[in-house]
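Take a look at the structure set out below.
The values are calculated or read from the model by the stated rules, or taken from the named source; none is laboratory data. Since this is a predicted model, take the numbers as computed values, not measurements. Cβ placement follows ideal geometry from the backbone for every residue including glycine, while neighbour counts extend to all protein chains displayed. Each accessible area value is taken on the protein alone, full model and side chains, heavy atoms only, with ligands, DNA and RNA left out. Shrake-Rupley method; radii C 1.70, N 1.55, O 1.52, S 1.80 Å.
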Amino acid sequence: MSYKACLFDLDGVLVDTAIYHFKAWKMLGENFNYQLTEEQNEQLKGVSRVESLNRILAWASYSATEEQKEIWLKEKNDNYLSLISSMNPAEILPGVVDFLDQIKENGYKIALGSASKNAEIILEKTGLMPWFDLIIDGNKVSKSKPDPEVFLKGAEGLGFLPSECIVFEDAQAGVEAAISGGMKVIGIGDASVLSDADKVIPNFVGIKSTDLLLF
C-alpha cells in the first residue's frame, strides 16, 4: 500500500502533557473535595475536556449544574494554560524530531489530530509547528475519540483517502478512532494496552520510517 500522510495525536505521542492535565484536574477537584488518582487520569487520555469532567464528577458522585460545569471547564483550562506556559522544545518526546524529519524528507504530508483545544499553543511553544501541514484540534471537531471525526477531517484536509493515511496514537480511544475511520494505526506505548493497533512501538527512539510505514 502506498501511504501518503501521517496523522499524529499530540499528548503522549509528540509531547507529554499528561502531567499538566493531571495537575490541572486535581486542582479543579479541590472544588468538590475530590482527589483524582493516576489510574483514573489514564482513562482520560484522548478524551475531550467535557467528557473528562463528566467522568470525574461521576467518580466523585457529585452532581453539578450545567452552569457550574461551564465555570469549571474554564477553570480547568486556565489552570492548564498556566501550567504549560513554560513548555519548551526540551519537552518533545525522545526520537520525535528525527522521525518527523524522516517522513517529511520522504514526502509524507503531516497532520495533527488531537482533542486538545490548546494544540497550537503547545506546538508553538515546543517549536514543532513547522513540521505540520494541517492542524485538526478540539476547536475544529464536535465529536471526541473514539469517534473518527478528527482523523477523517485530517485526511480530507490533506486531500487523501483514509486508506492512504497512517495514524500515530498512544490512547486506546484514539486507536479505535483510527480503525473506525478506515486507517492503519501505529500505537505508541504499551502493546498490551494498544493491542488493537496494527503495530506498536514504545517510543520513536531509533525508529526508521522506512521500516515502520510498510504494511
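Data overview
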| read-out | value |
| --- | --- |
| Counted residues, region 109-154 - those being open to solvent by 10 Å² or more (accessible area, probe 1.4 Å), in contact with a Leu (Cβ under 6 Å, 6 or more places away or on another chain) and either farther than 16 Å from residue 174 by Cβ or part of a strand (DSSP E or B) (or both) | 6 |
| Search result, residues across region 60-76 that are surrounded by 14 or more Cβ atoms within 10 Å (Cβ to Cβ) and either over 18 Å from residue 138 (Cα atoms) or among the charged types (D, E, K, R) (or both) | 60, 62, 64, 68, 69, 75, 76 |
| Selected residue (criterion: surrounded by the most Cβ atoms within 10 Å (Cβ to Cβ)) from residues of region 14-24 that are outside any helix (DSSP H, G or I) and among the aliphatic types (A, V, I, L, M) | 14 |
| Counted residues, region 178-215 - those being in contact with a Gly (Cβ under 8 Å, 6 or more places away or on another chain) and touching a residue at least 60 places away in the same chain (Cβ under 8 Å) | 7 |
| Any hit, region 155-162, residues being under 17 Å from residue 12 (Cα atoms) and more than 15 Å from the chain's Cα centre (by Cα) | no |
| Residues satisfying the stated conditions in region 39-54, i.e. in contact with a helix residue (DSSP H, G or I) (Cβ under 8 Å, 6 or more places away or on another chain), open to solvent by 70 Å² or more (accessible area, probe 1.4 Å) and assigned to a helix (DSSP H, G or I) | 50 |
| Lone unmet requirement of (1) surrounded by fewer than 17 Cβ atoms within 10 Å (Cβ to Cβ); (2) touching a Ser or Thr at 6+ places or on another chain (Cβ under 6 Å); (3) of a type in the set (Asp, Glu) for residue 11 | (1) |
| Leading residue by the ranking (most open to solvent (accessible area, probe 1.4 Å)) among those in region 187-215 that are of a type in the set (Ser, Thr, Tyr) and not in a loop (DSSP other than H, G, I, E, B) | 210 |
| Residue under evaluation residue 27, criteria (1) aliphatic (A, V, I, L, M); (2) surrounded by 18 or more Cβ atoms within 10 Å (Cβ to Cβ); (3) touching a residue at least 40 places away in the same chain (Cβ under 8 Å); (4) part of a helix (DSSP H, G or I), criterion not met | (2) |
| Search result, residues across region 55-99 that are assigned to a loop (DSSP other than H, G, I, E, B) and over 21 Å from residue 119 (Cβ atoms) | 60, 61, 62, 63, 64, 65 |
